[in-house]
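Where a number appears in this text, it was derived from the coordinates with a stated rule and is not lab data. All values derive from a computational prediction rather than experimental measurement. Neighbour counts run over all protein chains shown; Cβ positions are idealised from the backbone, glycine included.
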Amino acid sequence: MRTVGILVDASVFRGITRGRTRKEKLDLYNRAAARHALTPVYLCLEQTFPSEGRAYGYIYAHGEYKYALTSIPKVIHNRTFPANKAMSKRLKLLAKMSRVFNGKNRYSKYRIYRLLKKRFSSYLPATAKYTKLNLRRMMKHYKSLYIKPQSGSIGKGIIKATRRQGGTWKLQLPNGSLAVSREQAVQRIHRIAGQKKYLIQETINLAKYKGSPFDIRVSVQRGADGKWGVTGMYAKVARKGSHLTNVARRGTAKTCASVMSQSVKSPDKAIRTAKKLSLQIARYLGKKLDRLADIGLDIGVDAEGKPYFIEMNGRDQRYGFKKANMNKTFYRTYETPLLYAKYLLKSAKLNGRG
């Protein structure tokens, strides 16, 4: 059987034999690997030694994990964020001797916006790097803004600023809400965002499901033929009274059909359009970002059904599919990267590198 490496965080690696792998459902990788005649080897950067061509890892075979010293697999699916500069350097060395796809899986939101702006400007909310000057300028032009970390995830650190009648602004901060004057809003936001890498983004007037805004998570992955495809989509609905749709922030995951049918005009068309846009964006970014192969896109939809790109997740956690009771799709999000790994192994062999 062919070997495929799966690079995980150290905390996940330590919990493998106890079945405590957090949101990484390794049993789905194992099931898919068995189905496609692959042997998964779970690695972590801390126990991988590129200069020696070896690593300590967990090899899954015959229904159990075996911890062993092994040669570094020729193809590796990266699911880790390096913990420090030393581990980042190790990952770069690893990528020189192995085909590591999604080797980099955390990108600046502003960088992605800049990459997409020329080709997809009509599907992007107005966006600028955070400065106090840019904040004041955008507060003049837009009634509502998001101020968020350029490299954040799961909704952490996000601020929403909304202009109210009379000229005051409602601020929805990480630790609560308040209404203040425009200048007080600028100062309060600057205390949070002024010393960090933030961006400012126009608020999309998202369609609402039962009074709550929602957006769509689209899993776009390369598969058995090496090409991009949409593995699945689900809707993320904000909890009552919240502006955050993230499932990790108590948002609810539901099927797109169930949400869109009650929220937008021509729901079937809206779903097709969001899917088409996601695929176009993945193909475009795949040409700009090295070895990109497995991403989750957040797509906003307005009441007319028009899609808007919100952000890209380089390490999509996928568990929203399970929360939406889309178990077959949840499994396929684990299977598809292994099919792509198998394609890479076959391509390497045909090209004389295997």
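Worth pointing out:
- Mean separation of Cα contacts under 8 Å (6+ apart) over length of segment 164-262, as relative contact order %: 16
- Computed helical MRE - 222 nm, the chain, DSSP H runs ≥ 4 contributing -39500 (n - 2.57), nearest 500: -10500 deg cm²/dmol
- Gain upon complete extension [Phe49, Tyr67; 0.36 nm per residue less C-alpha separation]: 4.9 nm
- Extension gain for the segment Lys92 to Lys156, taken as residue separation times 0.36 nm less the Cα-Cα distance, is 20.3 nm to one decimal.
- Calculated FRET value between Lys227 and Asn134, using beta carbons and R₀ = 30 Å, to 0.05: 0.20
- Once the Cβ-Cβ distance of His190 and Ser266 is raised to the sixth power relative to R0 = 45 Å, the FRET efficiency obtained is 0.60.
- HN-Hα J in Hz across segment 53-64 - Karplus 6.51, -1.76, 1.60, θ = phi - 60°, x for Gly and Pro: x, 9, 7, 8, x, 9, 9, 9, 7, 6, x, 8
- Approximate spin-label separation Glu183-Glu304, in nm, with each point projected 7 Å along Cα-to-Cβ: 3.9
- Applying the Karplus relation 6.51 cos²θ - 1.76 cosθ + 1.60 with θ = phi - 60° to segment 94-103 yields 3J(HN,Hα) values of 4, 5, 7, 10, 9, 7, 8, 9, 6, x Hz, where x marks Gly and Pro.
- Per-residue Cβ neighbour rank within 10 angstrom, fewest leading, Ser263, Ser258: Ser258, Ser263
- Inter-probe distance in nm under a simple model that places probes 7 Å from Cα toward Cβ, at Lys197 and Ala83: 2.2
- Inter-part distance, segment 137-206 to segment 306-338, computed on C-alpha centroids, equals 28 Å.
- The relative contact order of segment 126-202, computed from alpha carbon pairs under 8 Å that lie at least 6 residues apart in sequence, is 41 percent.
- From most to least packed by mean Cβ count within 10 Å, the peptides 196-207, 279-290 give 196-207, 279-290.
- Annotation: for a label point projected 7 angstrom from Cα along Cα→Cβ of Arg164, no residues of segment 200-220 have a backbone N closer than 13 Å.
- Spin-label pair Arg111/Arg31, simplified geometry with 7 Å Cα→Cβ offset, distance in nm: 3.5
- Scanning residues 5 or more positions from Val4 or on other chains, those with amide H under 5 Å from its amide H are Thr39, Val41, with H placed 1.01 Å from N in the peptide plane.
- As a length-normalised measure over Cα pairs under 8 Å and 6 or more apart, the relative contact order of the chain settles at 16 percent.
- Packing here is the average count of other Cβ atoms within 10 Å per residue, and on that basis the peptides 103-115, 214-226, highest first, run 214-226, 103-115.
- Amide H within-cut-off set for Ala207, under 5 Å, with H built and near neighbours excluded: Phe214, Val301, Asp302, Ala303
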